[in-house]
Amino acid sequence: MKIKKIFSIKDIKKLEIEEFKKRGNSFSLMVEAGINSAKKITKLINKQHQVIVICGPGNNAGDGFIIGNYLITKNYKVDLFCLKNKSYKGDALKALNQLKIKTQNISKFKFKKNSILIDCVFGIGLNRPISGLLKSVILRMNKSNKIISIDIPSGVHGDTGKVLGCAVRANTTLVLHSKKIGHTINPGKKYSGKIKIIDIGISKNIKYI
């Protein structure tokens, strides 16, 4: 079933909460989001590419950990950069603890020519300007012309499409479940590149707000 509705941040969060109640947990939804995103990534790239997954704080990082794990099992070459373990909690920490890849500190990320970057730095929950280390990381990422963002390019506000300090310029954005308002308004629309909707397993029986 193709979802045509465009969601606000508030509405997608309400929808997710209903799905969590139905499932009895939230982690299984993260797993589906990560695995289904990874399956789409395998259709967009080939195994000759070096894949670099860049994870910031929060649940967007959890998606990245699951994506990295899946790609490793399919024999892709994967490097994964993230924050220190103590930066994570809840589902993101659970995904990190299941990781089969040795992580590297995000401060050490350097752009490598011909690599594919998977952007899991920030999701739709970002509501403040990016500064400091993570701004530096995003500016380094933007040297690439092969970036796949998960759900929304990091730094784009999910409701307004505005750039919060800086933002990833994605070639492709794998949008989880449905487009958000920020994907449809510039500059967010421009920063998102090609949009591909990823089914993450939200029940078709849950009523949309």
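The values are calculated or read from the model by the stated rules, or taken from the named source; none is laboratory data. On a predicted model such as this, the values are computed, not experimentally measured, just so you know. For neighbour counting, all protein chains shown are included, and Cβ atoms are generated from backbone atoms with ideal geometry for every residue, glycine included. Protein only, heavy atoms only, side chains kept; ligands, DNA and RNA dropped before computing areas. Shrake-Rupley method; radii C 1.70, N 1.55, O 1.52, S 1.80 Å.
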Next on the checklist: Could you report the accessible area of TYR88 in Å², rounded to 10, computed with a 1.4 Å probe on the protein chains as they sit in the structure?
Outcome noted: 10 Å²
Next on the checklist: Quick check on segment 8-164: of the DSSP beta bridges with both residues there, what percent are antiparallel, nearest 5%?
Outcome noted: 5 percent
Checklist entry - When ligands, DNA and RNA are left out and all protein chains stay put, how many square angstrom of accessible area per residue does segment 17-90 have with a 1.4 Å probe? => result 46 Å²
Checklist entry - Where does the charge balance sit around LYS43 when Lys and Arg score +1, Asp and Glu -1, over other residues with C-beta under 12 Å from its C-beta? => result +4
Checklist entry - How many percent of the accessible area of segment 137-209 is carbon or sulfur, using a 1.4 Å probe? => result 50 percent
Checklist entry - For the cross-link pairs LYS5/LYS189; LYS146/LYS196; LYS77/LYS102; LYS146/LYS189; LYS86/LYS146, which exceed 19 Å when the distance is taken from alpha carbon to alpha carbon? => result LYS86/LYS146
Item to check | Accessible surface ranking that places the most exposed of ASP159, ASP63 first, with a 1.4 angstrom probe | outcome: ASP159, ASP63
Checklist entry - Along the principal axes of its C-alpha atoms, what lengths does the chain span, in descending order and rounded to whole Å? => result 44, 35, 33
Checklist outcome for this item: Counting all Cα-Cα pairs in segment 16-103, those more than 19 Å apart amount in percent to 37 percent
Checklist entry - So what is the 222 nm mean residue ellipticity for the chain from helices alone, if each DSSP H run of at least 4 adds -39500 (n - 2.57) and you divide by all residues, rounding to the nearest 500 deg cm²/dmol? => result -11000 deg cm²/dmol
Checklist entry - What part of the accessible area of segment 1-129, given as a whole %, is carbon or sulfur when the probe is 1.4 angstrom? => result 50 percent
